[in-house]
Protein chains: 2
Amino acid sequence: MDERVREHAAVLVDWSAQIEAGDDVVLSIGPDAHDLAVAVAEALGERGANLLSTYASGELTRAYLRAHDGDFGEDPAFERKLYEEADVVLSLGGGRNTSAMADVPSETRQAYRKARSATREARYDTRWVSTVHPTRSLAQQAGMAYEEYQDFAYDAILRDWESLAEEMAKMKDVLDAGSEVRLVKDGTDLTMSIEGRTAVNSAASVRYDSHNLPSGEVFTAPHAPEGTVIFDVPMTINGEAVRDVRLEFEDGEVVTHEAEQGEDAITEILETDDGARRLGELGIGMNRGIDRFTDSILFDEKMGDTVHLAVGRAYDACLPEGETGNESAVHVDMITDMSEESRLEVDGEVIQRNGRFRWEDGFEG
Amino acid sequence: MDERVREHAAVLVDWSAQIEAGDDVVLSIGPDAHDLAVAVAEALGERGANLLSTYASGELTRAYLRAHDGDFGEDPAFERKLYEEADVVLSLGGGRNTSAMADVPSETRQAYRKARSATREARYDTRWVSTVHPTRSLAQQAGMAYEEYQDFAYDAILRDWESLAEEMAKMKDVLDAGSEVRLVKDGTDLTMSIEGRTAVNSAASVRYDSHNLPSGEVFTAPHAPEGTVIFDVPMTINGEAVRDVRLEFEDGEVVTHEAEQGEDAITEILETDDGARRLGELGIGMNRGIDRFTDSILFDEKMGDTVHLAVGRAYDACLPEGETGNESAVHVDMITDMSEESRLEVDGEVIQRNGRFRWEDGFEG
């Protein structure tokens with residue numbers, strides 16, 4: 001076994017999920033994530049945690065959903081209780097085909113997503129962490145050779161997370177003190193309120209309310225967006241290629257949407273429920289270990305010199321105690337490149353210009 | 001997909017587990033059982049059942065158990081409740097190496113087995129069915145080519161189960177009316193009581209309290225065995241090859257055991273707990289679709305002209321209402337060939353001689 005697989009498992013278990021003896025851990029395993037799963041199982045055994053493995057296969061879900069009549073009823077108790085009782089959910093992505101669900105009718109997908117909301121909430125109430133095992137299918141999606149992709153993924157994952165967390169704390173301080181964020185670049189001028197919201201220093205650890213490995217972003221839950229934004233980073237959403245999405249917001253909601261490619265996928269998402277037309281997240285990518293777009297949201301949204309917004313569900317961690325933010329069955333991130341001819345302002349002050357942060361060499365206020 | 005995979009899934013879902021809309025189904029999937037899992041997921045979707053998939057990998061379990069200090073504590077609630085709430089557990093065996101767990105210390109295996117007894121009981125309280133997807137690893141264990149093994153497996157699985165059930169009902173009637181069973185062949189003379197016990201017509205359906213696919217045996221829960229029995233069918237038990245096991249019973253318990261090969265594996269099993277030295281099952285193989293031994297208990301014990309006994313746990317279905325039979329953390333079957341120079345008697349009357357049943361042509365009482 002590649003020693004980096006064991007290192008990945010150790011970062012996931014110790015830094016990200018903070019596993020301790022006696023923790024009840026659900027390990028969700030993609031069909032090609034077997035090797036990472038074995039390494040994680042070994043680490044969980046060493047730490048004295050309890051382990052239940054689930055199988056997360058797009059092909060299986062596709063077969064199930066396509067055969068179903070679409071009337072899913074309520075969340076079944078057996079699945080909900082599993083997550084209610086669990087302390088931790090570790091999700092190891094890694095399929096054989098990132099388009100495995102491409103021919104599942106969108107109504108079916110939406111109905112299933114809605115029917116499973118209580119189960120999903122129970123998962124989010126655990127110390128959950130999502131990561132991926134670098135597979136050939138992800139390498140293909142990134143347009144990279146397999147070994148090249150492995151190097152890329154481990155460079156992003158096996159980082160000095162404590163030191164990155166310190167750097168990201170600066171951005172969190174700015175956002176926590178601020179009231180309004182403005183994004184400006186060619187075709188984009190969007191303002192949104194972050195009044196009363198708390199930013200998350202997403203350092204790939206539940207200690208920081210951060211649930212992705214790799215991570216390396218600072219995010220918050222904006223509201224009341226006004227204006228227009230273009231997402232110029234190519235993505236695959238629900239198996240469909242999407243390019244150059246343009247959203248126009250009025251009174252906090254999407255009123256117009258278009259895309260050069262994959263507009264249907266965006267339409268489908270926006271029509272899921274009311275919350276799907278509002279913002280759930282503003283995230284600022286700060287992981288400079290990620291040096292290119294690979295058409296995988298887990299990596300792309302963390303890349304330095306990018307900003308992303310999500311329509312849909314807001315994370316509770318960004319909200320005042322007891323307050324619920326935007327609710328939705330979806331949470332879909334879209335990314336804009338901030339490396340050139342762009343600026344990010346907080347309360348009128350430029351925090352990032354042309355890819356440089358205020359505290360970095362080469363920043364021109 | 002081989003059409004037989006879909007037929008297998010349909011038999012499993014409709015005949016074996018009697019799935020109905022709204023059933024909460026746990027689907028346990030071996031790493032190489034993916035294709036069957038997809039077909040089963042499709043069938044479950046069609047029937048409107050709920051589906052949660054778990055991943056059953058010997059390699060994962062090995063890594064976990066070898067790393068663990070062996071102090072497993074009690075059954076964790078998250079796993080136990082999953083099975084307590086489930087209606088059905090469908091287990092699709094199919095790994096890549098039948099010896100995947102060979103180097104897990106026996107004390108660790110036993111400790112884990114004991115610690116998970118409440119979870120196991122909860123699984124047994126569902127409409128559980130175990131089957132296997134014919135994999136290359138099972139073909140290798142059987143000493144067969146892959147396609148040859150697929151033909152073998154589907155011949156055993158895709159049978160006219162209703163008609164076999166009718167034939168097996170004759171054997172059930174004999175056992176239900178009887179008090180004492182005697183097995184006689186070279187090196188074997190064993191008597192055991194079946195007084196007050198109910199035989200199961202194991203026709204591969206929960207309708208018959210039968211939980212294996214393929215099945216094709218009639219079994220009961222004997223007690224008070226006296227005498228000696230030789231199991232001359234080669235087997236692999238916990239990853240170890242076992243040949244010619246000889247057990248001697250006095251006052252209902254194993255007092256001597258030996259084997260030509262794999263004696264340690266037998267010793268380990270017998271030392272699990274008190275119940276592991278007593279009998280849990282007497283089974284009479286009646287599936288003549290299985291035409292050879294393949295070193296897989298699921299198939300071998302169902303083969304026509306064989307009888308098997310299990311040490312360890314007895315199935316509740318064979319016991320009077322409210323009575324608990326032999327309890328143990330193990331249930332290990334061992335098989336003896338009854339095709340030649342042998343007889344099976346019930347209350348002194350010969351029921352099977354040299355492989356022919358009383359109601360068959362060629363029987364010589």
For segment B:245-265, state whether one or more residues are basic (Lys, Arg) and open to solvent by less than 20 Å² (accessible area, probe 1.4 Å).
-> no
From the list A:151, A:160, which residue is closer than 15 Å to residue A:203 by Cβ, free of Cβ contacts under 8 Å to residues at least 40 places away in the same chain and not hydrophobic (A, V, I, L, M, F, W, C)?
-> A:160
Does residue B:313 satisfy the criteria of being touching a strand residue (DSSP E or B) at 6+ places or on another chain (Cβ under 9 Å) and surrounded by fewer than 20 Cβ atoms within 10 Å (Cβ to Cβ)?
-> no
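Quick one: how many residues across segment B:33-42 are at the interface with another protein chain (Cβ under 7 Å from one of its Cβ atoms) and acidic (Asp, Glu)? Break it down stepwise before answering.
Filtering segment B:33-42 down to residues at the interface with another protein chain (Cβ under 7 Å from one of its Cβ atoms) leaves B:34, B:37-38, B:41-42.
Within this subset, residues satisfying the condition of being acidic (Asp, Glu) are B:42.
Within segment B:33-42, residues that are at the interface with another protein chain (Cβ under 7 Å from one of its Cβ atoms) and acidic (Asp, Glu) number 1.
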Tally the residues that are buried (at least 21 other Cβ atoms within 10 Å of the Cβ), touching a strand residue (DSSP E or B) at 6+ places or on another chain (Cβ under 7 Å) and farther than 17 Å from residue B:239 by Cβ, restricting the search to segment B:129-150.
-> 3
Verdict on residue A:45 being at the interface with chain B (Cβ under 9 Å from one of its Cβ atoms), more than 30 Å from residue B:46 (Cβ to Cβ) and either over 24 Å from the mean Cα position of the chain (by Cα) or hydrophobic (A, V, I, L, M, F, W, C) (or both) = yes
Out of the residues in segment B:317-327 that are open to solvent by 10 Å² or more (accessible area, probe 1.4 Å) and touching a residue at least 60 places away in the same chain (Cβ under 8 Å), state the one that is nearest to residue B:201 (Cα to Cα).
-> B:317
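Quick grid of which residues meet (1) under 18 Å from residue A:231 (Cα atoms); (2) aromatic (Phe, Trp, Tyr):
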site	(1), (2)
A:290	no, no
A:309	yes, no
A:338	yes, no
A:349	no, no
A:363	no, yes
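Looking at segment B:235-244, which of its residues are within 25 Å of residue B:182 (Cβ to Cβ) and open to solvent by 10 Å² or more (accessible area, probe 1.4 Å)?
Initially, segment B:235-244 is screened for residues within 25 Å of residue B:182 (Cβ to Cβ), giving B:235, B:242-244.
Of everything in segment B:235-244, those that are within 25 Å of residue B:182 (Cβ to Cβ) and open to solvent by 10 Å² or more (accessible area, probe 1.4 Å) turn out to be B:235, B:243, B:244.
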Restricting attention to segment A:271-282, does a residue exist that is at pLDDT 95 or above, in the same structural domain as residue A:221 (by TED's automatic domain parsing) and in contact with a Phe, Trp or Tyr (Cβ under 6 Å, 6 or more places away or on another chain)?
-> yes
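Quick grid of which residues meet (1) farther than 23 Å from residue B:58 by Cβ; (2) more than 7 Å from chain B (Cβ to nearest Cβ):
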| position | (1), (2) |
| --- | --- |
| A:53 | no, no |
| A:64 | yes, no |
| A:72 | yes, yes |
| A:78 | yes, no |
| A:84 | yes, yes |
| A:101 | yes, yes |
| A:105 | yes, yes |
Quick one: what pairs do we get from segment A:108-122, first residue more than 12 Å from residue A:238 (Cβ to Cβ), second surrounded by fewer than 18 Cβ atoms within 10 Å (Cβ to Cβ), C-beta under 6 Å, 6+ apart or different chains?
-> A:111/A:70
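I'd like to check which strands (runs of 3 or more DSSP E) are fully inside segment B:248-365 and have at least 1 residues that are under 15 Å from residue B:183 (Cβ atoms) and not polar (S, T, N, Q). Spell out the reasoning first.
On the way: elements: B:253-261, B:279-285, B:306-312, B:331-337, B:342-346, B:349-353.
Where strands (runs of 3 or more DSSP E) fall fully within segment B:248-365 and carry at least 1 residues being under 15 Å from residue B:183 (Cβ atoms) and not polar (S, T, N, Q), they are B:279-285, B:306-312, B:331-337, B:342-346, B:349-353.
For (1) in contact with a Lys or Arg (Cβ under 8 Å, 6 or more places away or on another chain); (2) more than 24 Å from residue B:230 (Cβ to Cβ); (3) open to solvent by less than 30 Å² (accessible area, probe 1.4 Å), each residue gets a yes or a no:
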{"residue": "B:160", "(1), (2), (3)": "no, yes, no"}
{"residue": "B:165", "(1), (2), (3)": "no, yes, yes"}
{"residue": "B:199", "(1), (2), (3)": "yes, no, yes"}
{"residue": "B:216", "(1), (2), (3)": "yes, no, yes"}
Taking residue A:144, is it modelled with pLDDT of 95 or more and not in a helix (DSSP H, G or I)?
-> yes
Taking segment A:13-32 and keeping only residues that are polar (S, T, N, Q) and at the interface with another protein chain (Cβ under 9 Å from one of its Cβ atoms), one is left with A:28
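The values are calculated or read from the model by the stated rules, or taken from the named source; none is laboratory data. Keep in mind that this is a model prediction, so the values were computed, not measured. All Cβ positions, glycine included, derive from the backbone under ideal geometry; neighbour counts span all protein chains shown. Side chains are part of the model used for accessible areas, which takes the heavy atoms of the whole protein and leaves out ligands, DNA and RNA. Shrake-Rupley method; radii C 1.70, N 1.55, O 1.52, S 1.80 Å.
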